[in-house]
Amino acid sequence: MKLVYIPLFLLGLSACNSDLMDPLTLGSLVPRTVDQDASLPSLVINGTHLHVETFGVPTDPIIVMIHGGPGGDYRDLLEARAFADDGFFVVFYDQRGTGLSKREDASQFDGVQIMIDDLNALVHHFKLADAQKVFLIGHSWGAMLATGYINQHPEKIDGVVLAEPGGFTWPQVEEYLSLSKHIELFSEALNDALFPEQIFTGRDEHEIQDYKASYFFTFENAPGNTIGNAGPYPFWRSGAVSFNAMLEVGETQGLDFTTHLADFSTRVLFTYSELNTAYGQAWAETVGSVFPHIEYHEIEGTGHEILYFGWDAFYAIALTYLNEMK
Amino acid sequence: MKLVLFFFLSMLWSFTSVAQVVAWYNPDQNSRHIMALHIGVDFGTVYGISYGYKFSGKIPAVVGTELSTPFGKTFMDDFKAKLNVQTIFYPVNHLGISIKPGMIFRRYASEAAVLLNIGSELGTTIGYYRDKWSIAFEANYDHTHATLIEHRLLKEYYSEIQDGWYGSTGGSFKFGLQGSYWLKSTGIALKAGKIFGQNFSEDPTLPFYADISVMKKW
């Protein structure tokens, strides 16, 4: 019976953790955000503090880069800085609560509208003259958000490049997710994502949730992944709260970004990847069919992360389009 | 702290194997050893082995060790090892209660990072035990005390990320049912239930656990 006391004794000893680092120490496990690091480029706008970076001449036609996720950041889109040398003013931003933007409470993500309003505030902030054209380039969820914005503010946008939006309605998103998130129960990739959850679990602090979410990154991009990515790609911070909240918004409220797209007569460039087996031309045409004037391009040699793994091919096609629309 | 960890690890590894003691109670009081192979779902799909030794006394106890590892291409790069002691309160009118404190050691390795984690747990069961079968409600709390983190890919993406020993990063509760059936010296046990984060709001992606074990006693 005395053996009972051995683990209890050890338990007590292990609780003496005075030498241990605090996982909540700023910058120890996840990068500091703009409210914690004044050296980061930022903009206080629409009631939040966003990580915002610009390249080019402010009076040139504007391109707003919209990253995927929800909960991602723009680090993997940075090749698009090249558009600044082509006569565009390129604006990057990490969406509300994501990347290096300030963390926000889940209650702020009570609908997609807040993300559309943030984008609208950015467009108004950077547009210096009525004649200055504004273009959007959106990837994945960012392409959905770009479309949601156009659905509400078609007159403010002079062209848009979409890269594999999952769908423009919630049923489309669900269908795409069911195809793209193929799960093999006994795989190394899945268990590599799930195992750390028993170590980082049941904590309210966003920093720990963000850090835990980063372990899912390798699952999504593991060898043989359905979406065709060649591997992981760089990111700053997984915005776990934003991701979960926006997913809940979709599940509880649904979404429909198509209600007014029939009135958007501007030509749209819709790109999809060669290697994403969950996407393809048929799905691209299904999703894109709501735009009256649209052209499709397959980007060869890349999976879903088109602007990172397929940048060269994407750049050539997108630049041609943007110059034509400029 | 490092000395404490070394001491704990030495104790843990002085036991030769690990696993899970399920449905330890049985009218056969002559058997002192129980071994089980198990497969299940517990923060992933896992399989493992367990061994328990029963000590006699006024309140007998089973000292048990457990080892489980997730399925996957790389064998044993991730695993969870436990050392626990289960106190035995003899059933009254076939109703019995047990309490099981234990220590946990976890290792995890992936492209992202390598983790070594030390935790502790406290479990209890309240069950109905007959000669050949049993059914019990179980509750368990698993708390992380310290984790050594050595970053890999995450360090490439964020060079200022800090490697080293971190304090508690959370804990989880499990609530579920377990049942067993014995045929002479061979038994089968099933358990399943729900996992909650310790704050009952941040639950794991896979918020359930389940396990089937084949047991042998002698």
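List, please: which pairs have Cβ atoms under 9 Å, are six or more places apart or on different chains, and start with a residue in the range A:166-179 that is farther than 20 Å from A:Thr271 by Cα and end with one that is of a type in the set (S, T, N, Q) and surrounded by fewer than 16 Cβ atoms within 10 Å (Cβ to Cβ)?
A:Trp170/A:Gln253
Criterion first (more than 19 Å from A:Thr25 (Cα to Cα) and touching a helix residue (DSSP H, G or I) at 6+ places or on another chain (Cβ under 6 Å)) does B:Glu138 satisfy it?
no
Please note which helices (runs of 4 or more DSSP H) are completely contained in the range A:167-285 and include at least 3 residues that are surrounded by fewer than 18 Cβ atoms within 10 Å (Cβ to Cβ) and more than 14 Å from chain B (Cβ to nearest Cβ). Break it down stepwise before answering.
On the way: elements: A:170-180, A:188-194, A:206-213, A:217-220, A:240-253.
Where helices (runs of 4 or more DSSP H) fall fully within the range A:167-285 and carry at least 3 residues being surrounded by fewer than 18 Cβ atoms within 10 Å (Cβ to Cβ) and more than 14 Å from chain B (Cβ to nearest Cβ), they are A:170-180, A:240-253.
With respect to the numbered conditions (1) within 14 Å of chain A (Cβ to nearest Cβ); (2) surrounded by 15 or more Cβ atoms within 10 Å (Cβ to Cβ); (3) in a strand (DSSP E or B), which one is the sole condition not fulfilled by B:Ile188?
(1)
Scan the range B:65-74 and give yes if some residue there is part of a loop (DSSP other than H, G, I, E, B), out of contact with any Leu (no Cβ under 9 Å at 6 or more places or on another chain) and over 20 Å from B:Ile135 (Cα atoms), otherwise no.
Yes, the conditions are met somewhere in the range B:65-74.
Given the conditions (1) within 21 Å of A:Lys181 (Cβ to Cβ); (2) modelled with pLDDT under 95, which single one is not true for A:Glu274?
Of (1) within 21 Å of A:Lys181 (Cβ to Cβ); (2) modelled with pLDDT under 95, only one is false for A:Glu274: (2).
Among B:Glu156, B:Glu111, which is of a type in the set (Asp, Glu), in contact with a helix residue (DSSP H, G or I) (Cβ under 6 Å, 6 or more places away or on another chain) and within 13 Å of chain A (Cβ to nearest Cβ)? Before you say what the answer is, go through the steps one by one.
Details: B:Glu156 fails: in contact with a helix residue (DSSP H, G or I) (Cβ under 6 Å, 6 or more places away or on another chain).
Matching residue, one of B:Glu156, B:Glu111: B:Glu111.
Within the range B:76-129, which strands (runs of 3 or more DSSP E) (wholly inside it) include 2 or more residues that are surrounded by 18 or more Cβ atoms within 10 Å (Cβ to Cβ) and among the β-branched types (Val, Ile, Thr)? I'd like the intermediate steps shown before the answer.
Working: elements: B:79-92, B:95-109, B:113-129.
In the range B:76-129, B:79-92, B:113-129 are the strands (runs of 3 or more DSSP E) which contain 2 or more residues that are surrounded by 18 or more Cβ atoms within 10 Å (Cβ to Cβ) and among the β-branched types (Val, Ile, Thr).
Are any residues in the range B:199-214 surrounded by fewer than 20 Cβ atoms within 10 Å (Cβ to Cβ) and either touching a residue at least 40 places away in the same chain (Cβ under 8 Å) or β-branched (Val, Ile, Thr) (or both), and if so, which ones? Talk me through it step by step, then tell me what you get.
Within the range B:199-214, the subset surrounded by fewer than 20 Cβ atoms within 10 Å (Cβ to Cβ) is B:199-201, B:203, B:205-208, B:210, B:212, B:214.
Residues satisfying the conditions are B:Thr205, B:Leu206, B:Phe208, B:Ala210, B:Ile212, B:Val214.
Does A:Thr169 fit the bill of being at pLDDT 95 or above and either touching a Gly at 6+ places or on another chain (Cβ under 6 Å) or among the aromatic types (Phe, Trp, Tyr) (or both)? Working first, answer last.
Working: at pLDDT 95 or above: yes; either touching a Gly at 6+ places or on another chain (Cβ under 6 Å) or among the aromatic types (Phe, Trp, Tyr) (or both): no.
Answer is no for this residue.
Being over 22 Å from the mean Cα position of the chain (by Cα) and either assigned to a strand (DSSP E or B) or acidic (Asp, Glu) (or both): is that true of B:Asp142 here? Before you say what the answer is, go through the steps one by one.
Details: over 22 Å from the mean Cα position of the chain (by Cα): no; either assigned to a strand (DSSP E or B) or acidic (Asp, Glu) (or both): yes.
Here the answer is no, as B:Asp142 does not meet what is asked.
State whether one or more residues within the range A:138-147 are surrounded by fewer than 19 Cβ atoms within 10 Å (Cβ to Cβ) and within 27 Å of A:Val57 (Cα to Cα).
Checked the range A:138-147: no residue is surrounded by fewer than 19 Cβ atoms within 10 Å (Cβ to Cβ) and within 27 Å of A:Val57 (Cα to Cα).
From A:Leu78, A:Leu29, grab the single residue that is within 14 Å of chain B (Cβ to nearest Cβ) and free of Cβ contacts under 8 Å to residues at least 40 places away in the same chain.
After applying the criteria, what remains is A:Leu78.
The values are calculated or read from the model by the stated rules, or taken from the named source; none is laboratory data. Small disclaimer: the values here were computed from a predicted structure and weren't measured. Backbone-built Cβ (ideal geometry, glycine too); neighbour counts: all protein chains shown.
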